[in-house]
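Heads up: the structure comes next, in structure tokens.
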Amino acid sequence: MSAVTQLLGPTPYCITGIVILTLVFLLGSVGNFSVIWILSYKIKKTTITIFFLNLAIADFVLVMTLPASMAYILSGFVFPDDTIFCKIISFLLFTNMYASVFFLTVISVDRYFAVVYPVKALRITTINVIRTVLGFIIPFGVMLFCYCRIALKIRIIMTVVAAFFVCWAPYYVVNLIEVASP
């Protein structure tokens, strides 16, 4: 505990934070668990239900880190000396926070195509397009950009990018051809 917390006890801000986190934990754990159960066992599997299932799982894991955050607040914002625990909680917190944002983005793109291009959306399986974009095009573009910027200093890295392209491009080209064929 910090010296201030030992002398004064938890501040009103800490108590408010704990109350809010407790409510979020209770509602979030019950709500996300319910969504996971319903989407897993009660509703037909479609692209959008799988996206929402993944979003609920990411949010559920995020909510499960809240008790550690509450303990951190109650301890006067000092984590115990167990740095592994701190790293695991931080990893889970940030990974699932970004996973939630990622799934919300994917759901938005899927709904965009379903509303703006309803006929094309029926022909194109959105999952394969998203998998291709997120699994190949974006990583390849990021690697290409980054390694081109440092290519003058380190030439060997371009070999890694080329190997990635040579190994993965045929798979995704065939995948896109299969998706695009009637």
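Listed values, structure above:
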item: Inter-residue pairs, beta-carbon under 7 Å, first among the hydroxyl-bearing types (Ser, Thr, Tyr) and in the stretch 108-133, second modelled with pLDDT of 70 or more, 6+ apart; result: Thr125/Val179; Thr126/Thr47; Thr126/Asp110; Thr126/Phe113; Thr132/Tyr172; Thr132/Asn175; Thr132/Leu176
item: Filter pass, Val173 being modelled with pLDDT of 75 or more, of a type in the set (A, V, I, L, M) and either surrounded by 15 or more Cβ atoms within 10 Å (Cβ to Cβ) or closer than 15 Å to Thr47 by Cα (or both); result: no
item: Only one of Ile57, Ile20, Ile73 that is in a helix (DSSP H, G or I), farther than 27 Å from Gly135 by Cα, at pLDDT 85 or above and outside the structural domain of Ile130 (by TED's automatic domain parsing); result: Ile20
item: Residues of the stretch 85-103 satisfying the condition of being more than 19 Å from Ala68 (Cα to Cα) and surrounded by 13 or more Cβ atoms within 10 Å (Cβ to Cβ); result: Ala99, Ser100, Phe102, Phe103
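The values are calculated or read from the model by the stated rules, or taken from the named source; none is laboratory data. These numbers were taken from a predicted model, which means no experiment stands behind them. Cβ coordinates were reconstructed from backbone atoms using ideal geometry, including for glycine residues, and neighbour counts include every protein chain displayed.
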